[in-house]
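To start, the structure under review is shown below, and the notes come after it.
What follows is calculated from the coordinates using simple rules that are stated; it is not laboratory data. Here the structure is a predicted model, which is why all the values come from computation and not from measurement. For neighbour counting, all protein chains shown are included, and Cβ atoms are generated from backbone atoms with ideal geometry for every residue, glycine included.
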Amino acid sequence: MARRRSSRAMVPGASEGLGMLKAQVMKEQGYAVDPARPDLVKYEVARTLGVPLQPGYNGQLKSEDAGRVGGPIGGAMVRELVRMAQQQLAKK
């Protein structure tokens, strides 16, 4: 049976920090990001890639297209987290 993914952060209280990281990383990537609503950047990424992502139900969206939108966002966030960790380890 497939597991349903949760959009909640695993660490309580981490959602705000992850949102700030998403806003920072995607702004550096050249996207217009509202710092108060960094989750909305996915619609701009989708528009740039030609993916028909709309607010609300997107049952017609192929999983490949959803990955094309989420991949650049999540990938950029992970690269930034790894860079930050390496920087902290180098200071020790």
Quiz prompt | Net lengthening on full extension, Leu40/Gln54 (0.36 nm per residue, minus Cα-Cα) | solution = 4.0 nm
Practice problem: May I ask you to list the aspartates and glutamates whose Cα is less than 17 Å away from that of Lys22, ignoring any residue fewer than eight positions away on the same chain? | Solution: Asp34, Asp39, Glu44, Glu80
Quiz prompt | Unit charges on C-beta of K, R, D, E only; dipole of the chain, Debye | solution = 340 debye
Exercise. Treating the angle as unsigned and between 0 and 90°, give the value, to the nearest 10°, between the Cα long axis of helix 15-28 and the longest Cα principal axis of the chain.
Key: 80 degrees
Quiz item: Rounded to the nearest 500, what is the chain's calculated 222 nm mean residue ellipticity when only DSSP H runs of at least 4 contribute -39500 (n - 2.57) each, over all residues?
Solution: -19000 deg cm²/dmol
